[in-house]
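**Q** The following block contains the structure, expressed as structure tokens.
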Amino acid sequence: MDDQLRASLRAKLLDAMERRSRIEQQIQAHVDNIQDIRKALGNPYFFHPRPADDPESQARYTGYASHEPGLQLMHAREDVERQIADILNRLTGLGL
């Protein structure tokens, strides 16, 4: 039974590590495209006082919508990191 459990945990660990790698690639792509994201989703900050036609003015402030995709990626990475830690703990408990 322990051999089957170890094999199962190793497979889950490999899957989680691959997901972490994909998420990290998505985070990097997000960083590389932040200007396009802000163009599509809006200006997440403003500086006061600036004229209303300035792209960084309060008049063009759109809230935090452009932060949401990045936050989702960060939460996904946190989740997979927790899963990896849990699997490693379980494998350690089995003597690996």
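None of the figures in this text is laboratory data; all of them are computed from the coordinates on show. Since this is a predicted model, take the numbers as computed values, not measurements. As a convention, Cβ positions derive from the backbone with ideal geometry for all residues, glycine included, and neighbour counts pool all protein chains shown.
**Q** Between Ala29 and Ala59, what is the label-to-label distance in nm when each label sits 7 Å out along the Cα-to-Cβ direction?
**A** Here the answer is 3.7 nm between the modelled labels.
**Q** A further question on this structure: What do you get for the angle between helix 2-32 and the principal long axis of the chain? Use alpha-carbon atoms, 0 to 90 degrees, nearest ten.
**A** So the inclination is approximately 20 degrees.
**Q** Taking just the alpha-carbon atoms of segment 33-96, what radius of gyration and Dmax come out, in angstrom?
**A** 20.0, 65
**Q** Just order 15-21, 51-57 by mean Cβ neighbour count inside 10 Å, highest at the front, would you?
**A** By packing density, highest mean first, the sequence is 15-21, 51-57.
**Q** A further question follows. Using 0.36 nm per residue, how much length does the chain from Leu14 to Arg50 gain when fully extended, once their Cα-Cα distance is taken away?
**A** Taking Leu14 through Arg50 to full extension adds about 7.9 nm, to one decimal.
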